[in-house]
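Here is the structure we will look at.
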Amino acid sequence: MAVLKPLILALAITSASPAIAQQWPVPVAAREASERNDHRQAAATILAELKQCEAVEPSRCALLLMWAGSETFQFDYQAAERLARRAVTLTAPPDGKSYPDRAHALDFLALTLGTQGRFVEAEAPRRAALALLEQTLPEADLRVADGYNQLAGVLDRLSRHGEAEVFLRRMLLLHERHRPPGHLLIAMSYNNLADNLASQARYVDAEPFYRKAMALREQLSPSNPSALAASYEGLGRALINLSRADEAEPLLRRVIDIRIKTFGAEGYIVAWSYDNLATLLENRGDYREAESLRRKSLAIQEANWPAGHLTIAAGTAMLASNLDLQARYVEAEPLHRKAIAAYAAVTPEDAPAMADLYDSRAFNLEGQDREKEAERFYRRSLRARATLPAAHPRRIFGYRSLAGFLRDHDRSWPEVRSLYRAAQAGIFDRLASYSSFDREAQIELRDYQPVFTGQVRAAWTLSNMPARP
């Protein structure tokens, strides 16, 4: 969970504003405890210092609150959130004017909420923080660009990728305008924009940005191998979706090597690397090797995050889906239940983030011949995809999954035809976004062949049904 440390402390420490410089200092003993990863001791030391600060000069205590929150977050989400909210209250400007210190407190609160998976709640403080930064700082200031990046991150997690893209392009523009050519922040901007485009299933558009980021980061790799690994990873995922797995595999294996050397074999980020390679292996039918990677990933995540964390839930869901691919449905079922319960605790039931979980659960139930339950989850999955653009592959997949289920069970043929028609409309819109009917468009169209054949079958079945009196 040390991932939070540099992010939270950057909010509290790196500011050049006079107010931060005048904050009550963090005790040396607390800093030393933090370096030893003794977060409980660090938090206790800071909280004791906080009492003294609040008794003498409360206006100078914001930094202590945020430091205490960053330590407390390692073992108690709710307590950290309370500290974050106190920091926001403390930095409220008495004269109604804005200043950057409050933006740090708002960002800290958004971070504590987002890391708990509460992205709906995190959006408001992210927007408020960005507004303050834009009002009080020149556009060349790094914090303005970072504000765009942070808000885009929340919007992406809410599946509002089009809105997020706008902010990521603003960030890239600022870095290209105000940083020297080849700067690491330009590379980061390319990579983050590529991730966003990939989230919109615009893999062809994403690929050149991944490659630009990769080229810059290869020049900088001795100082930041982790960033280079992120570019390899993103490009590898995009290539998988472009049916170029042979190009993707060496990139994803290299990511694992880099991250083990950088973070150690038990680093939480190594687990993500195992999952990406497992996805590639599953796509080509190597389910057993993929299962081994999924289990290694999940074990690492369980050692790094508290029970119920969404990172663990995601790993649990991926392992369950792997078992389903091996027809081990009974073994997979409790894992599906556990993953859905964890997400449902912090995510609206019809949010896009729930869709794949519902679809996987439906597949599992169908494999156990529990048709009524399976249909219910296929329909929930489709509802959860309703806010995605009609041309998004995940929404097309939702139509296709429910239609395929109903078709295979000889049910509701008029609805089957309607679902395939909706999927087809999305496919045509998606293919229209290609500049030409190139190799990538051809591959994608071939993947959608079952939609077109399914619609023909539905029409044929309906035409041969006995006429109603």
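Things worth noting here:
- SER418 vs. criteria without any contact (Cβ under 8 Å) to a residue 12 or more places away in the chain, out of contact with any strand residue (DSSP E or B) (no Cβ under 6 Å at 6 or more places or on another chain), of a type in the set (Ser, Thr, Tyr) and closer than 24 Å to ALA355 by Cα: yes
- Residue identified as closer than 30 Å to LEU431 by Cβ and open to solvent by less than 30 Å² (accessible area, probe 1.4 Å) among ALA187, ALA198: ALA198
- Scanning the range 220-230 for residues that are in contact (Cβ under 8 Å) with a residue 40 or more places away in the chain and either crowded, with 24+ Cβ neighbours inside 10 Å or part of a helix (DSSP H, G or I) (or both) turns up SER226, ALA227, ALA229.
- Test: residue in the range 85-96 that is among the basic types (Lys, Arg) and over 16 Å from LEU109 (Cα atoms): no
- Candidate set from the range 140-174 (those that are in a loop (DSSP other than H, G, I, E, B) and among the charged types (D, E, K, R)); member that is farthest from ARG102 (Cα to Cα): ARG160
- Meets criteria (surrounded by fewer than 17 Cβ atoms within 10 Å (Cβ to Cβ), of a type in the set (D, E, K, R) and closer than 18 Å to LEU193 by Cβ) for ARG237: no
- Where a residue in the range 299-314 is basic (Lys, Arg) and its partner, wherever it lies, is surrounded by 21 or more Cβ atoms within 10 Å (Cβ to Cβ), with Cβ under 6 Å and at least six apart: none
- Evaluation of LEU323 against (1) open to solvent by 50 Å² or more (accessible area, probe 1.4 Å); (2) of a type in the set (A, V, I, L, M); (3) over 24 Å from LEU158 (Cα atoms) (one fails), failing number: (1)
- For TYR378: the one exception among (1) surrounded by fewer than 16 Cβ atoms within 10 Å (Cβ to Cβ); (2) modelled with pLDDT of 95 or more; (3) of a type in the set (Ser, Thr, Tyr): (1)
- In the range 381-392, the residues that are under 16 Å from ALA198 (Cα atoms) and either buried (at least 20 other Cβ atoms within 10 Å of the Cβ) or among the acidic types (Asp, Glu) (or both): LEU388, HIS392
- Output for the range 240-268, where each listed residue is open to solvent by less than 20 Å² (accessible area, probe 1.4 Å) and at pLDDT below 90: LEU242, GLY267
- Scope the range 148-178; condition open to solvent by less than 30 Å² (accessible area, probe 1.4 Å) and at pLDDT below 95; matching residues: VAL154, LEU155, SER159, HIS161
- Every condition in (1) within 24 Å of SER360 (Cβ to Cβ); (2) open to solvent by less than 80 Å² (accessible area, probe 1.4 Å); (3) touching a residue at least 40 places away in the same chain (Cβ under 8 Å) is met by LEU462 except one, and the failing one is (1).
- Residue check, ARG284 open to solvent by 10 Å² or more (accessible area, probe 1.4 Å) and under 18 Å from the mean Cα position of the chain (by Cα): no
- Per-region count, the range 415-469, residues among the basic types (Lys, Arg) and at pLDDT 90 or above: 3
- The requirement of being under 28 Å from LEU445 (Cα atoms) and either more than 22 Å from the chain's Cα centre (by Cα) or among the polar types (S, T, N, Q) (or both) is satisfied by ASN241.
- Checked against (1) open to solvent by 40 Å² or more (accessible area, probe 1.4 Å); (2) at pLDDT 90 or above; (3) farther than 16 Å from PHE75 by Cα; (4) not aromatic (Phe, Trp, Tyr), PRO6 meets all criteria but (2).
The values are calculated or read from the model by the stated rules, or taken from the named source; none is laboratory data. Only a predicted model underlies this, so the values are computations on that prediction, with no experimental measurement involved. We place every Cβ from the backbone using ideal geometry, glycine too, and count neighbours over all the protein chains shown. Side chains are part of the model used for accessible areas, which takes the heavy atoms of the whole protein and leaves out ligands, DNA and RNA. Shrake-Rupley method; radii C 1.70, N 1.55, O 1.52, S 1.80 Å.
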